[in-house]
Amino acid sequence: MRGQPPGKGSEVDAVVETYRLRKRYPGHEALRGVDLQVPSGTVLGLLGHNGAGKTTTIRILATLLAPGGGSARVAGFDVAREPQEVRRRIALAGQYAAVDAQLTGRENLVLLGRLLRLGTRGARARAGELLERFDLTAAADRQAGTYSGGMRRRLDLACCLITRPAVLFLDEPSAGLDPASRRLLWAEIREQVRGGITVVLTTQYLEEADRLADRIVVLGAGSVVAEGSPEQLKRKVGGEWLGIVLADPADVPAAVAALGPAASDVDRAAGRLSLPVDDGMATVAAAAAALDRAGLAVADFAVRRPSLDDVFLALTGKEQAA
Amino acid sequence: MILTETAALTGRRLRRLRRSPGELLAVTIVPVTMVVVMGYLLDKSIVMPGGAGYLDFMMAGIGAQVALGAFGTSAIAVADDLRGGLVDRFRSLPIGRLPVLLAQSLCDLLLTAAGTAIASAVGWLLGWRIHTGIVAGLAGFGLLLALAFLLSWTGILAALWIRSTPAVNSLSGLVLVVGSFLSTAFVPPDGLPGWLHAIASWSPVSTVSTACRRLWGNPVADTGNSLAVVHAVPVALVTIAILLAVVMTTASRLFRSISEKTP
């Protein structure tokens with residue numbers, strides 16, 4: 001798939017594809033040749049720290065930014081040459097909920113419906129449906145500025161779905177949301193995917209990419225660092241592990257002996273150990289029992305999940321500056 | 001197409017305006033205060049050539065000052081939209097580029113018309129009169145609105161260029177003051193140094209002020225015989241048309257490429 005110009009003999013039915021996409025800003029190179037392929041009806045998660053090139057990629061795909069080099073096609077059209085055709089088939093939710101705070105939720109939706117040529121009556125009807133579906137009917141006639149973060153995000157997503165887009169671009173969809181609103185938003189995004197929409201989303205959270213994406217592309221400093229399914233990536237990084245901190249660092253050899261060969265001392269001076277959690281709770285229970293039997297005092301004992309930093313560490317062998 | 005889009009977007013602006021009536025207050029308060037303070041208190045102290053009162057001279061300048069206010073209202077609104085991400089949403093829609101900006105300027109034109117009407121009514125109460133006919137009178141107001149339209153687009157251009165709301169805010173204040181006083185809106189430009197004199201007499205704010213005075217039969221203070229004074233009406237129309245073409249084209253281009261600067 002890689003190394004081949006898009007549109008010519010692609011084996012998969014890619015709705016979004018980029019080929020050696022580049023972008024330079026004065027003073028720094030934001031994208032250094034990014035290749036992406038997103039099959040129809042799937043979710044691609046762009047994972048990376050701030051400045052990795054996620055937003056630049058999304059903005060180029062959504063026709064807001066001209067590519068500096070390479071090419072990008074969305075829904076069969078070139079973003080640079082046929083932007084208006086692309087715009088007919090996409091919807092974008094940026095990093096900030098882009099709704100007019102002084103208009104009511106309903107007015108925001110009706111405005112966009114009219115701009116998308118539904119006619120005044122059609123726009124009103126569609127706004128009503130979407131408000132209902134996104135559980136905003138009670139707040140429909142309040143100014144959007146009075147909405148909570150979660151409600152604004154839902155309104156933002158509703159704005160994207162006025163006409164049925166083929167591709168939905170979401171730039172850090174859950175940034176700044178509390179866990180409950182985040183879960184609700186994830187469920188709504190999954191619902192859209194079931195309906196056949198292709199989604200490209202950016203995130204800084206491994207968990208979010210894991211929950212939503214069929215495939216993950218990890219970006220670092222404008223290049224693709226890794227790609228694969230969430231499972232593949234996690235296998236590369238390693239799964240959950242048990243982090244143990246001993247009260248007395250001098251006990252480390254005794255603890256390693258008690259826990260068995262899978263345990264490794266991460267930081268001998270600080271008394272930190274780690275143990276892969278292969279059997280879930282059984283591993284945790286066995287470790288707790290073993291430490292107890294050996295009579296070792298434990299300061300901290302917790303199951304850890306790999307973070308984005310661990311992904312970078314495992315894939316590139318170096319910590320990524322945030 | 002462009003009409004539906006512009007209508008929908010203008011509707012949005014008007015709704016916002018209805019919810020923050022302070023905006024109308026903001027564009028009227030300075031001119032109305034000027035009318036009251038200078039027209040009422042100083043009417044007799046400043047004697048115009050030909051014995052007319054200062055109020056009669058000043059009202060065209062007040063109209064120009066209301067028009068100058070359109071720079072700020074447009075600029076601040078556009079800067080706000082840019083910051084909130086709304087502009088990104090509009091730019092990702094399959095709509096024309098012009099309607100988003102056109103809606104802004106049309107709405108501010110309406111705001112200016114209301115502000116001019118209020119300021120003129122106060123002037124009329126204090127004794128200002130149009131001494132010509134209704135057609136010439138309306139033509140003067142038409143020129144003021146044309147000036148406001150130009151300044152609104154200039155404000156849009158400035159906002160697209162600068163993009164920071166606080167900076168746009170202070171620039172707007174500056175434009176109001178410098179524009180009002182570096183022109184013949186309130187004083188004859190005779191006292192200015194030569195090069196400033198040229199700028200002041202050819203500035204659309206001056207030519208429109210002078211043109212309105214001619215059209216309304218109010219005293220014209222500028223005694224010079226430069227083209228800009230003698231043929232104020234056509235000169236005003238031509239300069240506004242040329243500047244508007246340049247400003248609108250540049251602003252639309254800048255709007256198209258607006259995100260190029262965003263890292």
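The values are calculated or read from the model by the stated rules, or taken from the named source; none is laboratory data. What you see is a predicted model, and the numbers here were worked out from it, not measured in a lab. No Cβ is skipped: glycine too gets one built from the backbone with ideal geometry, and neighbour counts run over all protein chains shown.
Of (1) closer than 17 Å to residue B:188 by Cα; (2) surrounded by 23 or more Cβ atoms within 10 Å (Cβ to Cβ); (3) touching a residue at least 60 places away in the same chain (Cβ under 8 Å), residue B:232 satisfies all except one. Which?
(3)
If I ask for residues that are within 11 Å of another protein chain (Cβ to nearest Cβ), under 15 Å from residue B:10 (Cα atoms) and not charged (D, E, K, R), which ones from region B:92-119 would you list?
Here is the first cut: in region B:92-119, the residues within 11 Å of another protein chain (Cβ to nearest Cβ) are B:92-97, B:99-100, B:103.
Next, only the ones that are under 15 Å from residue B:10 (Cα atoms) stay: B:95-97, B:99-100, B:103.
Matches in region B:92-119: B:95, B:96, B:99, B:100, B:103.
Pick out the one residue from B:200, B:185 that is surrounded by 16 or more Cβ atoms within 10 Å (Cβ to Cβ), more than 14 Å from the chain's Cα centre (by Cα), of a type in the set (Gly, Ala, Ser) and farther than 30 Å from residue A:30 by Cα.
On the way: B:185 fails: more than 14 Å from the chain's Cα centre (by Cα).
Being surrounded by 16 or more Cβ atoms within 10 Å (Cβ to Cβ), more than 14 Å from the chain's Cα centre (by Cα), of a type in the set (Gly, Ala, Ser) and farther than 30 Å from residue A:30 by Cα holds for just one of B:200, B:185, which is B:200.
Restricting attention to helices (runs of 4 or more DSSP H) lying wholly within region A:9-125, give those where 1 or more residues are within 8 Å of another protein chain (Cβ to nearest Cβ) and hydrophobic (A, V, I, L, M, F, W, C).
A:105-115
With the checklist (1) outside any loop (DSSP other than H, G, I, E, B); (2) modelled with pLDDT under 95; (3) among the aliphatic types (A, V, I, L, M); (4) more than 22 Å from residue B:254 (Cβ to Cβ) in hand, flag the one item residue B:143 doesn't pass.
That leaves (2) as the condition not met.
Looking only at region B:50-59, decide whether some residue is more than 20 Å from residue B:175 (Cα to Cα), in contact (Cβ under 8 Å) with a residue 24 or more places away in the chain and touching a Ser or Thr at 6+ places or on another chain (Cβ under 6 Å). Don't jump to the end; show me each part of the working.
Of region B:50-59, the ones more than 20 Å from residue B:175 (Cα to Cα) are B:50-57.
Remaining after also requiring in contact (Cβ under 8 Å) with a residue 24 or more places away in the chain: B:50, B:52-53, B:55-57.
Those left that are additionally touching a Ser or Thr at 6+ places or on another chain (Cβ under 6 Å): none.
No, the conditions are met nowhere in region B:50-59.
Buried (at least 24 other Cβ atoms within 10 Å of the Cβ) and aromatic (Phe, Trp, Tyr), is that true of residue B:161?
The answer is no for residue B:161.
Residue under question is residue A:283, and the condition is that it be modelled with pLDDT of 85 or more and either under 19 Å from the mean Cα position of the chain (by Cα) or among the hydroxyl-bearing types (Ser, Thr, Tyr) (or both); does it hold?
Numbers: modelled with pLDDT of 85 or more: yes; either under 19 Å from the mean Cα position of the chain (by Cα) or among the hydroxyl-bearing types (Ser, Thr, Tyr) (or both): yes.
Taking the combined requirement at face value, the residue satisfies it.
Being in the same structural domain as residue A:172 (by TED's automatic domain parsing) and closer than 29 Å to residue A:183 by Cβ is true for just one of A:79, A:86, A:43. Which residue is that?
On the way: A:79 fails: closer than 29 Å to residue A:183 by Cβ; A:86 fails: closer than 29 Å to residue A:183 by Cβ.
Unique residue meeting the criteria: A:43.
Just the residues that are exposed (fewer than 14 other Cβ atoms within 10 Å of the Cβ) and not acidic (Asp, Glu), please, taken from region A:191-202. Before you say what the answer is, go through the steps one by one.
Of region A:191-202, the ones exposed (fewer than 14 other Cβ atoms within 10 Å of the Cβ) are A:191, A:194-196.
Within region A:191-202, A:194, A:195, A:196 meet the criteria.
For region B:17-36, enumerate the residues that are within 11 Å of another protein chain (Cβ to nearest Cβ), within 29 Å of residue B:61 (Cα to Cα), without any contact (Cβ under 8 Å) to a residue 60 or more places away in the chain and not hydroxyl-bearing (Ser, Thr, Tyr).
Within region B:17-36, just B:18 meets the criteria.
Would you say residue A:187 is surrounded by fewer than 22 Cβ atoms within 10 Å (Cβ to Cβ), without any contact (Cβ under 8 Å) to a residue 12 or more places away in the chain and closer than 24 Å to residue A:38 by Cβ?
In short, yes.
For region B:19-70, name all the residues that are touching a Leu at 6+ places or on another chain (Cβ under 9 Å), farther than 25 Å from residue B:203 by Cβ and of a type in the set (Val, Ile, Thr).
The one that is touching a Leu at 6+ places or on another chain (Cβ under 9 Å), farther than 25 Å from residue B:203 by Cβ and of a type in the set (Val, Ile, Thr): B:36.
Of all residues in region B:223-263, how many are within 21 Å of the chain's Cα centre (by Cα) and at pLDDT below 90?
To start, the set of residues in region B:223-263 that are within 21 Å of the chain's Cα centre (by Cα) comprises B:228-229, B:231-252.
So of that shortlist, the ones also at pLDDT below 90 come out as B:228-229, B:231-232.
The total comes to 4.
Condition first: modelled with pLDDT under 90 and not in a helix (DSSP H, G or I). Can you find one or more residues in region B:163-172 that meet it?
Yes, some residue in region B:163-172 is modelled with pLDDT under 90 and not in a helix (DSSP H, G or I).
Name the pairs whose Cβ atoms lie under 9 Å apart, with the first residue in region B:72-91 and under 15 Å from residue B:157 (Cα atoms) and away from every other protein chain (no Cβ under 11 Å), the second modelled with pLDDT of 90 or more and outside any helix (DSSP H, G or I), and 6 or more positions between them or separate chains?
Cβ pairs passing all conditions: none.
Out of all the residues in region A:127-139, is one or more in contact (Cβ under 8 Å) with a residue 40 or more places away in the chain, in the same structural domain as residue A:177 (by TED's automatic domain parsing) and at negative phi?
The first filter runs over region A:127-139 and keeps only residues in contact (Cβ under 8 Å) with a residue 40 or more places away in the chain, leaving A:134.
If we keep only those that are in the same structural domain as residue A:177 (by TED's automatic domain parsing) as well, we get A:134.
Among the residues that remain, those that are also at negative phi are: A:134.
There is at least one residue in region A:127-139 that is in contact (Cβ under 8 Å) with a residue 40 or more places away in the chain, in the same structural domain as residue A:177 (by TED's automatic domain parsing) and at negative phi.
Out of region A:230-242, which residues are in contact with an Asp or Glu (Cβ under 7 Å, 6 or more places away or on another chain) and at pLDDT 80 or above? Break it down stepwise before answering.
In the first step, residues of region A:230-242 are kept if they are in contact with an Asp or Glu (Cβ under 7 Å, 6 or more places away or on another chain); the result is A:230, A:237.
Once the filter is applied, which keeps residues that are in contact with an Asp or Glu (Cβ under 7 Å, 6 or more places away or on another chain) and at pLDDT 80 or above, region A:230-242 yields only A:230.
All but one of (1) over 30 Å from residue A:114 (Cα atoms); (2) part of a helix (DSSP H, G or I) hold for residue B:48; state the number of the condition that does not hold.
So the condition that residue B:48 fails would be (2).
Can you tell me how many residues in region B:159-210 are more than 22 Å from residue B:233 (Cβ to Cβ) and hydrophobic (A, V, I, L, M, F, W, C)?
So the first thing to find is which residues in region B:159-210 are more than 22 Å from residue B:233 (Cβ to Cβ), and the list is B:159-178, B:181, B:191-196.
Imposing the further condition that a residue be hydrophobic (A, V, I, L, M, F, W, C) reduces the set to B:159-162, B:167-168, B:171, B:174-178, B:181, B:192, B:195-196.
So the count comes out to 16.
Among the residues of region A:239-249, count how many are loosely packed, with under 13 Cβ neighbours inside 10 Å and farther than 13 Å from residue A:295 by Cα.
1
Quickly run through region A:97-125 and pick out the residues that are within 10 Å of residue B:86 (Cβ to Cβ) and acidic (Asp, Glu).
Passing the criteria: only A:100.
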